[in-house]
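Notes follow the structure.
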Amino acid sequence: MRENQEFMAARSLWNGAIRFGLVNVPIKVYGAASSKQIRFREMHITDAAPLEHRRVCAKEDKEVPYDEVVRGYETSPGRYVVMTKDEIQAPARERGKTIDLEDFVPADQIDPIYFDTPYWLGPQQDADEAYSVLLAALEKTGLVGIGRFALRTREQLVALYPVDGALRISTMRFHDEVVDDDDLDLPQPSKKVTDREAKMADALVSSLQTEFDPSDYDDTYRERVLEVVEAKAQGKQIVAPAAAEDSTSTDLMALLEQSVSGARKQKKPKAKARKTKAKA
Amino acid sequence: MPRPIWSGSLSFGLVNVPVKLMSATRDLGVHFNQLHEKDKSRIEVRRVCTQEGEEVPWEEVGRGYELDSGEIVMLTDEELDAADPKKTRTIDIEAFVDLEEIDPIFYDHPYYLVPDSNEAAVRAYHLLRTVMERSGQVAIARFVLRTKEYLVAVRTRGDAITLTTMLFHDEVRSPDDVGIDGVPKPKKKEVDQAVTLVKALQRDFDPANYDDEHRKRLLALVDKKRKGQEIEIPEEPEAPKAVPDLMAALEASIQRMKSGGREALEADAAVEQKDPAALKRLPKKDLLARAKEADIEATSKMTKDELVEALTAS
């Protein structure tokens, strides 16, 4: 695998300044998350050759070199307004090189459904002092800065908050980009949940209650896919297991009771058990 | 209503709730199509076999994993299924935790879970929702979607249960990993002033206070271009420098917030820092007033850009 990429020095993605009131805090932006999802290549099954993507003009049915490709916004079917790269980027440039904080809001008022991509902010040279002052003020008040910032070609809404002695921003979804639960047409039960059922479900939740420790959860699937790849590379035959049977009973109360007694017997939560095993 | 992406069941002890997975977000981004410059017709992206040079239909597309040696191992869907030992279509709840314990760095994409419409499913769904809402607990679960296993947080939102995919612990970086360390201890006096300032700028969070201005501006530019008008390209912006005296900047911010409020403070910041981007966001009459205050010769006949230029040049 390409593990060595991890140890490369972190490069900043963007340099600019946080601005609130008349204060500027020059900072650098670093990526805080990167997916390790296994990337597969597309292959032609019949001859095991890799596939490539080619840009083809729909009208001429011929491959088009990249320098003949332009970007168009479809205003009505088949009608386009062609925009240059600079024109598309103009709105982001208008934001300038600042993260402009508009408001400070209590952290617990933000539904995490709005959070999108996280980035770390580090102080630029000579900005340590201002950085540490803003960090301390946010830690002390429990407030989160809400602001706007243009990364690459897109201006984003961001939340700025302190974590582990550093400042972080998360880009945020706009209110109209989040589907409301009212839009779902959720079916309602004809009979209300009974107290007995609720108590039993509470007991089940309590029996599975634990402290969240992200390192309790490894991506075991990623590991298993790599094992399958390895086995295949060595010419071994791969056999897929049969599908598991789901329980088909619909007696909610009986299932809850059985679950609770089962959970009590199994003292350690599953996640903890796995961690101990992994460390051994 | 959005279309389901996946269907299976949410499993909680021995209780299985048949559910469908729907995205909790909608894409309102402004998208552009790739066109061939000379005839303005759409560009299609075709999958072509590197050996035969022919287009390959979707049914003949398989997955390959490239080893360090460069050799590619091809896997069929059945072989990939072998990595999921239970071959489940369930979201398995492993634990319940407090919402506050989950650092939002782990959250990836949010979805809704919607129960099948039969009474048993609906009742079990509402039971779980009620109990989670009451206890303030979030379920941590795993499930496989397409070719990836996800760690997910399952919680309530209004009348619904949401599922948010999460990153694994080795997919996130700490401040240390990106080289942020040794932040100095701040001076108490400065922190106190900063606390006063952020509290002065405090308000309740309402997502509806923030519209996607970028989307509006970009669509306005498309419209301008459609009408054959010229689009002005702003210069590559420069980053503002640190303020020379932090304490003075904090104190001045608090004073002006008190006397003129948020908008006056924003205008002051734009003028004092000579930031063209921030100046352009101010109304023209403000720019004119500010120019006069600064003894710059300015008239109402000047365009906004001319006023901004005059204010940044002085």
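The values are calculated or read from the model by the stated rules, or taken from the named source; none is laboratory data. From a predicted model like this one, the values you see are computed outputs, not experimental measurements. As a convention, Cβ positions derive from the backbone with ideal geometry for all residues, glycine included, and neighbour counts pool all protein chains shown. We work out accessible area using only protein heavy atoms, side chains counted, and drop any ligands, DNA or RNA first. Shrake-Rupley method; radii C 1.70, N 1.55, O 1.52, S 1.80 Å.
Descriptive notes on the structure:
- Split the accessible area of the range B:152-265 by element, probe 1.4 Å, and carbon with sulfur accounts for 46%.
- Here's the picture: charge each Lys and Arg Cβ at +1 and each Asp and Glu Cβ at -1 in the range B:1-141, and of B:Gly53, B:Ile72, B:Tyr125 the one pushed furthest to the positive end of that dipole is B:Tyr125.
- Cα pair distances exceeding 25 angstrom across the range B:1-131, given as percent: 58 percent
- For the pair B:Ala289 and B:Asp206, the difference between a 0.36 nm per residue extended length and the Cα-Cα distance amounts to 26.6 nm.
- Per-selection metrics, the range B:71-114 (Cα): Rg and Dmax in Å: 16.4, 46
- The modelled label-to-label distance between B:Ile233 and B:Arg26, using points 7 Å beyond Cα along the C-beta direction, is 3.5 nm.
- Principal-axis tilt of helix B:246-272 within chain B, Cα atoms, nearest 10 degrees: 90 degrees
- Expressed as a whole percent, the proportion of Cα-Cα pairs in chain A lying more than 27 Å apart is 68%.
- Phi angles of the range A:96-107 translate, via the Karplus equation with coefficients 6.51, -1.76, 1.60 and θ = phi - 60°, into HN-Hα couplings of x, 9, 10, 9, 8, 7, 9, 9, 10, 10, x, 4 Hz per residue; Gly and Pro are given as x.
- Amide H to amide H, with H built 1.01 Å from N, A:Asp103 comes under 5 Å of A:Ile146, counting only residues 5 or more places away or on other chains.
- Overall, the range B:53-113 carries a charge dipole of about 240 debye about its Cα centre when +1 sits on the Cβ of Lys and Arg and -1 on the Cβ of Asp and Glu, all other atoms neutral.
- Structural descriptor for chain A: relative contact order 15 percent, calculated from alpha carbon pairs under 8 angstrom and at least 6 residues apart.
- Over 24 Å between alpha carbons, listed pairs B:Lys199/B:Lys280; A:Lys59/B:Lys224; A:Lys28/B:Lys185; A:Lys62/B:Lys227: B:Lys199/B:Lys280; A:Lys59/B:Lys224; A:Lys62/B:Lys227
- Placing +1 on the Cβ of every Lys and Arg and -1 on the Cβ of every Asp and Glu, with nothing else charged, gives the range B:236-314 a dipole about its Cα centre of roughly 340 debye.
- Stokes-Einstein diffusion of the protein assembly as shown at 4 °C, 1.567 mPa s viscosity, Kirkwood radius from Cα pairs, rounded to a whole number: 47 µm²/s.
- In this structure, the amide hydrogen of A:Asp180, modeled 1.01 Å from its nitrogen in the peptide plane, lies closer than 5 angstrom to no residue at least 5 positions away or on a different chain.
- Taking a straight line from the alpha carbon of B:Lys284, these aspartates and glutamates sit under 13 Å away, with near neighbours fewer than eight places off in the same chain left out: B:Asp305, B:Glu306, B:Glu309.
- Pair B:Thr312, B:Glu272: separation of 7 Å Cα→Cβ label points (nm): 2.0 nm
- Shape of the range B:178-314, Cα gyration tensor, a/c cut at 1.5: prolate
- Shielding by partners - mean other protein chain Cβ count within 10 Å, residues of B:258-269: 2
- Relative contact order (percent, whole number), the range B:1-79, Cα cutoff 8 Å, 6+ residue spacing: 14 percent
- Candidate aspartates and glutamates - alpha carbon under 17 Å from B:Lys189, same-chain residues fewer than 8 apart omitted: A:Asp128, A:Glu129, A:Glu139, B:Asp245, B:Glu251
- Unit charges at the beta carbon, dipole of the protein assembly as shown: most positive-side option, A:Ala137, B:Gln273, A:Val29: A:Ala137
- In terms of its C-alpha gyration tensor, the range A:1-95 comes out oblate, because a/c is 1.5 or above while a/b does not outweigh b/c.
- The range B:117-237 - percent relative contact order, Cα under 8 Å, separation 6 or more: 11 percent
- Whole-number accessible area per residue in Å² for the range B:35-131, which is evaluated in the context of all protein chains at 1.4 Å: 46 Å²
- Computed [θ] at 222 nm, deg cm²/dmol, the protein assembly as shown (DSSP H ≥ 4; -39,500 (n - 2.57); rounded to nearest 500): -9500 deg cm²/dmol
- Considering only chain A, percent of DSSP beta bridges that pair antiparallel, nearest 5: 95 percent
- Using 0.36 nm per residue and subtracting the Cα-Cα separation, the extra length available between B:Glu37 and B:Ile296 on full extension is 88.6 nm.
- Of all aspartates and glutamates in the structure, those lying under 12 Å Cα to Cα from B:Lys38, and not within fewer than 8 positions of it along the same chain, are A:Glu60, A:Asp67, A:Glu68.
- Positive-end ranking of B:Gly261, B:Pro237, B:Tyr210 along the dipole of the range B:148-264, with charges on Cβ about the Cα centre, is headed by B:Gly261.
- Under a 5 Å amide H cut-off, with hydrogens placed 1.01 Å from N, A:Trp14 pairs with A:Val29 among residues at least 5 apart or on other chains.
- In sequence order, the range B:57-65 has phi-based couplings of x, 3, 5, 9, 8, x, 10, x, 10 Hz under the Karplus curve 6.51 cos²θ - 1.76 cosθ + 1.60, θ = phi - 60°, and Gly or Pro positions carry x.
- Across the range B:94-107, rounded Karplus estimates of 3J(HN,Hα) from the backbone phi angles (6.51 cos²θ - 1.76 cosθ + 1.60, θ = phi - 60°) give 9, 7, 10, 9, 6, 4, 5, 6, 8, 5, x, 4, 7, 6 Hz, Gly and Pro being marked x.
- Cβ-Cβ FRET estimate between A:Thr220 and B:Val61, R0 fixed at 41 Å, reported to 0.05: 0.90
- Spin-label model distance (nm) - A:Asp183 vs A:Lys59, 7 Å beyond Cα toward Cβ: 3.6 nm
- Simple Cβ-charge dipole of chain A, Lys/Arg +1 and Asp/Glu -1, about Cα centre, in debye nearest 20: 1080 debye
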